[in-house]
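Colleague: Please find one structure pasted underneath; my questions will follow.
The values are calculated or read from the model by the stated rules, or taken from the named source; none is laboratory data. Please read all numbers here as calculations on a predicted model, not as lab measurements. Reconstructed Cβ throughout: ideal geometry from the backbone, glycine too, with neighbour counts over all protein chains shown.
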Amino acid sequence: MVNATSSSSPTTGEPVLDGHRFAHLDLEIGDAIATVWLARPPVNSVSQAMYRELEALFSQPERYLPGAKAIVLAGRGRHFCAGNDLHEFATLSPENSDERMAEVRAAFFAIQDCPIAVVGAVRGAAVGTGLAIAASCDFVVAAEDARFGTPEIGVGIMGGARHLARLVPEPIVRWMYLTGEPVDVHRLVALGSVVATTSPDDVVALARAHAARIVRHSTAAIRMAKRSLNAIEVMDLQPGYTFEQGLTRELSGHPDSLEARRATLERRPANYSA
């Protein structure tokens, strides 16, 4: 395991950040872009304990990733995440499912609701829970060997179709969900589900390059944009735009908003407070 440190790359044996030790996540903290690695070999299948770690980290990025304005979420090894821990699913029952499923959705929702941008960097398998994690990110870049799927119907559970609907049109959702068949990244690129592709070795660097385009903006604006995007995703056009206008009013008094407008008028780089 690699502990969270304030360095730009993980170093085994460094002090634990803020007194918290993650057993299944590795953290790299740079100036403004943090990288969170799913780290549960061999395929990063997610246990209940790992769900709890994901919820803790993504709901409180300022605690565990101080100074970060964007997060790249990737998987150690050859695969992003090959799904839920099936050994734990083997003991799932009507009596214990409510508590377990609450932890699962809390993890997914924390990634989606994270107050800073989250860029998924997918290589290999992103199936079941892995697909839901990827779809909870703001957008995804992927390796040329990536494949995405919802095999739930074949393992006797439900879940993942609604997350899949963030990536592909409804007929494709239904085909993937009812067949349980995965699709390769080239199909998702054609559907506009993946922003860009590259080699497996370069996918994290590509995700960081896209994150760098985000972090040039002010922290206040990024957080407001996340708040806006998450809210309007389920709104019709007119109430959605009205909501956005309300956030414009709220943001307009922030010093970084004033600085952005001055810099635009003066045709110079903005100098944000954070």
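Colleague: Return yes when Val185 is farther than 22 Å from Ile116 by Cα, β-branched (Val, Ile, Thr) and in contact with a Ser or Thr (Cβ under 8 Å, 6 or more places away or on another chain) and no when it is not. It would help to see each step written out before you state the result.
Modeller: Details: farther than 22 Å from Ile116 by Cα: yes; β-branched (Val, Ile, Thr): yes; in contact with a Ser or Thr (Cβ under 8 Å, 6 or more places away or on another chain): yes.
Yes, satisfied.
Colleague: Regarding the stretch 199-212, can at least one residue be identified that is among the hydroxyl-bearing types (Ser, Thr, Tyr), on the phi < 0 side of the Ramachandran plot and surrounded by 15 or more Cβ atoms within 10 Å (Cβ to Cβ)?
Modeller: No, the stretch 199-212 contains no residue that is among the hydroxyl-bearing types (Ser, Thr, Tyr), on the phi < 0 side of the Ramachandran plot and surrounded by 15 or more Cβ atoms within 10 Å (Cβ to Cβ).
Colleague: Let me ask you something else. Residue by residue through the stretch 101-122, note down the ones that are crowded, with 24+ Cβ neighbours inside 10 Å, within 22 Å of Met176 (Cα to Cα) and in contact with a Ser or Thr (Cβ under 9 Å, 6 or more places away or on another chain).
Modeller: Gly120, Ala121, listed by residue number.
Colleague: Out of all the residues in the stretch 149-181, which are in contact (Cβ under 8 Å) with a residue 40 or more places away in the chain and either farther than 24 Å from Arg100 by Cα or exposed (fewer than 15 other Cβ atoms within 10 Å of the Cβ) (or both)?
Modeller: Val155, the sole residue that qualifies.
Colleague: For the subset of the stretch 245-257 comprising residues that are assigned to a helix (DSSP H, G or I) and surrounded by fewer than 16 Cβ atoms within 10 Å (Cβ to Cβ), which member is nearest to the chain's Cα centre (by Cα)? So that I can check it myself, show each step before the final result.
Modeller: Of the stretch 245-257, the ones assigned to a helix (DSSP H, G or I) are 245-251, 255-257.
Next, from what is left, pick out any that are surrounded by fewer than 16 Cβ atoms within 10 Å (Cβ to Cβ): 245-250, 255.
Details: Gln245: 26, Gly246: 26, Leu247: 23, Thr248: 25, Arg249: 28, Glu250: 26, Pro255: 29 Å.
Filtering the stretch 245-257 for residues that are assigned to a helix (DSSP H, G or I) and surrounded by fewer than 16 Cβ atoms within 10 Å (Cβ to Cβ), the one nearest to the chain's Cα centre (by Cα) comes out as Leu247.
Colleague: Would you pick out the residues in the stretch 124-133 that are within 28 Å of Arg63 (Cα to Cα) and either touching a residue at least 60 places away in the same chain (Cβ under 8 Å) or surrounded by fewer than 23 Cβ atoms within 10 Å (Cβ to Cβ) (or both)?
Modeller: Within the stretch 124-133, Thr129, Gly130, Ile133 qualify.
Colleague: Give the residue that is nearest to Ala82 (Cα to Cα), with candidates limited to residues of the stretch 1-49 that are at pLDDT below 50 and among the polar types (S, T, N, Q).
Modeller: Asn3
Colleague: Just to be sure I understand, how many residues within the stretch 83-129 are part of a loop (DSSP other than H, G, I, E, B) and in contact with a strand residue (DSSP E or B) (Cβ under 8 Å, 6 or more places away or on another chain)?
Modeller: Selection size over the stretch 83-129: 7.
Colleague: Keeping to the stretch 20-50, report how many residues are closer than 22 Å to Thr91 by Cβ and out of contact with any strand residue (DSSP E or B) (no Cβ under 9 Å at 6 or more places or on another chain).
Modeller: 5
Colleague: With the checklist (1) at pLDDT below 95; (2) surrounded by fewer than 24 Cβ atoms within 10 Å (Cβ to Cβ) in hand, flag the one item Glu55 doesn't pass.
Modeller: (1)
Colleague: Here's another thing I want to ask about it. Out of the stretch 186-228, which residues are over 25 Å from Asn271 (Cα atoms) and outside any helix (DSSP H, G or I)?
Modeller: Leu191, Gly192, Ser193, Val194, Val195, Ala196, Thr197, Thr198, Ser199, listed by residue number.
Colleague: Out of the residues in the stretch 34-87 that are of a type in the set (Asp, Glu) and within 17 Å of the chain's Cα centre (by Cα), which is nearest to Phe22 (Cα to Cα)? I'd like the intermediate steps shown before the answer.
Modeller: The initial filter retains those residues of the stretch 34-87 that are of a type in the set (Asp, Glu), namely 53, 55, 62, 85.
Cutting the leftovers down to within 17 Å of the chain's Cα centre (by Cα) gives us 53, 55, 62.
Values: Glu53: 7, Glu55: 12, Glu62: 16 Å.
If we take residues in the stretch 34-87 being of a type in the set (Asp, Glu) and within 17 Å of the chain's Cα centre (by Cα), then Glu53 is nearest to Phe22 (Cα to Cα).
Colleague: Residue pairs, Cβ under 8 Å, 6 or more apart or interchain, first in the stretch 243-271 and in contact (Cβ under 8 Å) with a residue 40 or more places away in the chain, second aromatic (Phe, Trp, Tyr). List them.
Modeller: Short answer, once both residue conditions are applied: Glu259/Tyr272; Ala260/Tyr272.
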